[in-house]
Amino acid sequence: MTYVMSIQTNFKISAARILILIFLFGNFLGCEKSPDQLKEPAGQDVKPTAPQTPAPAPGNTPAPPTKEAGCVQVFYDKSDEHGDLARSYGLMILNLMGHFPRYQQIIGPVDLYKKGDFEKCKVSFYIGLAKETVLPADFLADYSATTKTVVWMGSNFWQLGSVFENTFGYKKYEITGLDKVNLTPAPDNKPSFFRDILYKGEVFAKYNVWLKETPDVLDGSFEMIKLSEKFGNSAVVLAEARHSFTKEVIPWALQSGRNFYIADVPLSYFHESDRYFVFADLLFDFLEEAPRHNAKNAFIRLEDIGPMEDLKYLQEAMDIFERNKVVPHFNLYPIFMDPLNTEPALNGAGILRMEDASVFSLAIQKHIKSGAVIIWHGVTHQYSNVKNPWTGASGDDYEFWDAKNNAPIAEDSITYVLNKMEDGFKSLKSQNIEPKLWVTPHYEASALDNIIFGQLFSWMVSRGVYIDNRITGLSSDFTNPIGFSLAQNDSHKKNRKDFFEKLQVKENPKIRFGQIFPYELYGDIYRQHVIPEDLGNVEPELTDQVEVTRTVDTILEDAKRNLVLRDVWASAFYHSFLLDPKMNKANQDSSKPKDLERLITGLKALGYKFVNLEDWIKDKNEPIAKPRIELEEVGP
């Protein structure tokens, strides 16, 4: 295959940044190399393969899967510069595989590949991130001979020589970057690039933001492999990439028989409308799996409800849900803490427990009788007597994560977490509330904490922030109940202590990433069952806690786009205080429906079906995905 030097060049790219609790990572193709460093290696003993008959295009229902699904393995580049990042992308794939829990997951660096490894598993992924990687000869030779599915992402395919060319039917490639010739209209005058991904009639876009503090730096993944000079009919184009200025269209996802190719690594820099969701949907095709659901599920939760809640707007929100015959879900924390006295109504008391807030408790009981589902959202939703990082008050700050130091809290331990949860459940039990679901405050805690939460609750709601980890000591044959129950007594507390007694978690803090999910997971790398939150929330204005505004219209646009995805949810949250016109300009016109109502009716109009999560989880008892197999011991 011929390498063509692109006329497009790259601007400097920033370090990893956080957007809406998603970690955004850098340039997918790794460090810059000159063209002569990208030539096909000489002397590789690889044989061209004849073009294969394309498999059915995505969207066709495959045959029912067998009971024994086998395994899926992920190989990633191991390099000094990109090894941690490449491994994080591999773990993201394993998280997505949680939707298909019958498969044994295997992960490791590609340099540990042994001859014949492709034949061991139904599907193998290779993440081509570091252009300096020299792929093992056995890996390259087996690629041309295997009868199993291989998904190749990003770079280094040129090391296959003519095998790649003959498999997918393209003679040339180039690595495109920022196009400084075709600039966006004035006054921006910014370079353009292959930004949009066209899939099933919808347009998904790569995340891209020009930084305010450094206007010449694009926060986003702008590189793309451009394949050209097509010959034959060996490959089916599953999705295309489109240039943001010239509108040129090139292949992005290709299938040739059991071989797939993705023209970038779609696990970097993603957001709610990103091409990452296309990749997540293509897993059904890689695995030849049918969708689980006939309906597109939806739910909206009311966020950060605690004993100091403004009950006027909570009631208004309830009225909207009831009027539209939709089950409301309350993200509730039972203890309000204000150690730095930011809340005048507490008169310096610093704490208000749910059982002592009679008006609040009566309102919650009334709403439960009207059908509201309670999701446990932390004990105090803040930490200690410090700003963490904003006010120190409940509802604002992190509870199980040190946000200032970006690390686990100092006291973090099994005992600390269990004692904290016992204290919170004391308040919930006093109100006859037995929550079945959990949402971690701000979605972030240590790996240890998340593993504990995943054992205490059958299901979580999350867009997770993950830390690479190794888990030992989780019992597989412990039969005594460990969850929180209204019938619990001292024996239940002892069960929890005994269950976690041997648990040990090794964390690798260098590998930390965030991830959204389009569908539910039957086991992530924390061994949690996860119901996704994939649409974010209404954020009308920028604040110290909000980096990007988000409106109902934006959320509905994303929900409409996502209708082409299999098993997708429409899952969002809303703060009831935004019903106050003073807090939200969208609600200032009294002649128009409030934006919460527009969100509900809009999702219904798109065809989403609102569910009661407590009912939905009742028959979702599929065993959690097996613990992953590591090809290499990686850790702190």
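The values are calculated or read from the model by the stated rules, or taken from the named source; none is laboratory data. In this text the structure is predicted, and so the values were computed from the model without any measurement. Because the Cβ atoms are built from the backbone with ideal geometry, glycine has one as well, and the counts that use them run over all protein chains shown. Accessible surface is based on the protein model in full, side chains and every heavy atom, while ligands, DNA and RNA are left aside. Shrake-Rupley method; radii C 1.70, N 1.55, O 1.52, S 1.80 Å.
The single condition from (1) over 28 Å from TRP616 (Cβ atoms); (2) modelled with pLDDT of 95 or more that LYS494 fails is (2). Considering only residues in the stretch 458-482 that are surrounded by fewer than 16 Cβ atoms within 10 Å (Cβ to Cβ) and either at pLDDT 95 or above or not charged (D, E, K, R) (or both), the one that is nearest to SER427 (Cα to Cα) turns out to be PRO481.
Taking the criterion of being farther than 24 Å from PHE270 by Cβ and either at pLDDT 95 or above or among the basic types (Lys, Arg) (or both), the residues of the stretch 501-533 that qualify are LYS502, LEU503, GLN504, VAL505, LYS506.
Look at VAL386 and say whether it is open to solvent by 10 Å² or more (accessible area, probe 1.4 Å), of a type in the set (A, V, I, L, M) and modelled with pLDDT of 95 or more. Spelling it out, VAL386 is indeed open to solvent by 10 Å² or more (accessible area, probe 1.4 Å), of a type in the set (A, V, I, L, M) and modelled with pLDDT of 95 or more.
For the stretch 585-606, name all the residues that are outside any helix (DSSP H, G or I) and crowded, with 20+ Cβ neighbours inside 10 Å.
LYS594
Of the strands (runs of 3 or more DSSP E) lying entirely inside the stretch 173-258, those containing at least 3 residues that are touching an Asp or Glu at 6+ places or on another chain (Cβ under 9 Å) and modelled with pLDDT under 95 span 208-210.
Residues in the stretch 324-343 that are over 28 Å from GLU520 (Cα atoms) and either in contact (Cβ under 8 Å) with a residue 60 or more places away in the chain or open to solvent by 50 Å² or more (accessible area, probe 1.4 Å) (or both): ILE335, LEU340, ASN341, THR342, GLU343.
Taking residues in the stretch 116-140 that are closer than 23 Å to LEU267 by Cα, and partners anywhere that are assigned to a helix (DSSP H, G or I) and open to solvent by 30 Å² or more (accessible area, probe 1.4 Å), the pairs with Cβ atoms closer than 7 Å and at least 6 places apart or on different chains are LEU129/LEU85.
If you go through the stretch 548-574 and keep only what is hydroxyl-bearing (Ser, Thr, Tyr), open to solvent by 30 Å² or more (accessible area, probe 1.4 Å) and modelled with pLDDT of 95 or more, you end up with THR551, THR554.
When the stretch 70-104 is limited to residues that are small (Gly, Ala, Ser) and part of a loop (DSSP other than H, G, I, E, B), the one that is nearest to HIS529 (Cα to Cα) turns out to be GLY70.
Table: residues versus (1) touching a strand residue (DSSP E or B) at 6+ places or on another chain (Cβ under 9 Å); (2) under 30 Å from HIS529 (Cβ atoms).
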| position | (1), (2) |
| --- | --- |
| ILE106 | yes, yes |
| GLU119 | no, no |
| TYR143 | yes, no |
| ASN156 | yes, no |
| GLU165 | yes, no |
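Checked against the criterion of being under 13 Å from the mean Cα position of the chain (by Cα), more than 22 Å from ASP304 (Cα to Cα) and in contact (Cβ under 8 Å) with a residue 24 or more places away in the chain, the candidates ARG561, ARG512, ARG527, ARG496 yield just one match: ARG512. Would you check if GLU399 is of a type outside the set (A, V, I, L, M, F, W, C), touching a residue at least 24 places away in the same chain (Cβ under 8 Å) and open to solvent by 40 Å² or more (accessible area, probe 1.4 Å)? For GLU399, the condition - of a type outside the set (A, V, I, L, M, F, W, C), touching a residue at least 24 places away in the same chain (Cβ under 8 Å) and open to solvent by 40 Å² or more (accessible area, probe 1.4 Å) - is not met.
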